[in-house]
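Report on the structure given below.
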Amino acid sequence: MGFLLGAFLSAIFLMALILVIQFNSIYQAILVLSAILFSTAGVLLGLLITGQPFGVVMVGLGIIALSGIVVNNNIVLIDTCNRLRNRGMDAIAAALETGRRRLRPVFLTAFTTLLGLMPMVLAMNIDLLNRSITFGAPSTQWWTQLASAITGGLTFATLLTLILTPCLLVLGCRVSGFARVLGRRIRNRSGSLGTGTLPEHERSG
């Protein structure tokens, strides 16, 4: 467990460093990494649905692997939204257009991953030579927890990514715009007090 915790924290640190360099925004980097926290809740839901116990080794490996998968969808959404914002589009319009453009790629990526992991979730053992399919074989039990953790977390995180990430992008644009306006007013007021003059609307009042 100590090794998995160290590997997980190292992966988070490296991803955060790359995201800050790429997006030049701490808020957007935190927004991408928040998907890992949301996916952890999906991991627990996936284990409850499939009736699997929480194994430190396999579930821990699943969370580490899931952290690399989940952030890709958020990176795609945020990068598209930033491109649209740089073209002069409004924050809400950019978020809606981002969701429209990236809905199919995000959904197909998650769907194909879930389909690929479904045989391990169902503990399915396919013998191509003898042309037989069995369930619950001893060779499949080792990977069931890992696959259940990844599928549950990816499903939950994908649904939240398509809904929550655009909303948080709009919120970040609104907060940054309000902070710029407030900073401009404070600078103007401090400059007026420094020169001993007040703005026109305060003098007339």
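Here, each number is a calculation from the coordinates, and none is a lab measurement. Note that the structure is a prediction, hence the values are computed from the model and not measured. Glycine gets a Cβ as well: all are built from the backbone with ideal geometry, and neighbour counts include every protein chain shown.
Quick notes on this one:
- Across the range 105-111, rounded Karplus estimates of 3J(HN,Hα) from the backbone phi angles (6.51 cos²θ - 1.76 cosθ + 1.60, θ = phi - 60°) give x, 5, 5, 5, 4, 5, 5 Hz, Gly and Pro being marked x.
- The charge dipole of the chain, taken about its Cα centre with unit charges on the Cβ of Lys, Arg, Asp and Glu (plus for the first two, minus for the last two), comes to roughly 800 debye.
- Approximate spin-label separation N72-M124, in nm, with each point projected 7 Å along Cα-to-Cβ: 2.1
- Here the Karplus relation 6.51 cos²θ - 1.76 cosθ + 1.60, evaluated at θ = phi - 60°, turns the backbone of the range 77-86 into coupling constants of 5, 5, 5, 5, 5, 5, 5, 5, 5, 5 Hz, with x for every Gly and Pro.
- Gaussian network model of the chain, springs between alpha carbon atoms under 10 Å - residue of S39, S148, S190 with greatest fluctuation: S190
- Candidates I126, I92, I49, ranked by Gaussian network fluctuation over the chain, Cα under 10 Å, top entry: I126
- With neighbours defined as other Cβ atoms within 10 Å of a residue's Cβ, the residues R83, R101 order from fewest to most as R83, R101.
- Each of the peptides 26-37, 114-125 was scored by the mean count of other Cβ atoms within 10 Å over its residues; in descending order, highest first, they stand as 26-37, 114-125.
- GNM flexibility winner over the chain from L159, L44, L14 (Cα, springs under 10 Å): L14
- Note on N24 and D79: the model spin-label points, each 7 Å out from Cα along the C-beta direction, lie 1.7 nm apart.
- Each residue of the range 167-175 was assigned a 3J(HN,Hα) from its phi angle through the Karplus curve 6.51 cos²θ - 1.76 cosθ + 1.60 (θ = phi - 60°); the sequence is 5, 5, 5, 5, 4, x, 5, 5, 5 Hz, with glycine and proline shown as x.
- Förster radius 25 Å - calculated FRET efficiency between L37 and L4 (Cβ-Cβ, nearest 0.05): 0.90
- Compared with the dominant Cα axis of the chain, that is its longest principal axis, helix 2-23 is turned about 40°.
- Treating each Cα of the range 1-109 as an identical point scatterer and summing with the Debye formula, the log10 of I(q)/I(0) at q = 0.12, 0.19, 0.24 Å⁻¹ comes to -0.51, -1.02, -1.31.
- Which labelled figure in (1) 141; (2) 153; (3) 174 is volume of the Cα convex hull per residue in Å³, once derived from the coordinates: (3)
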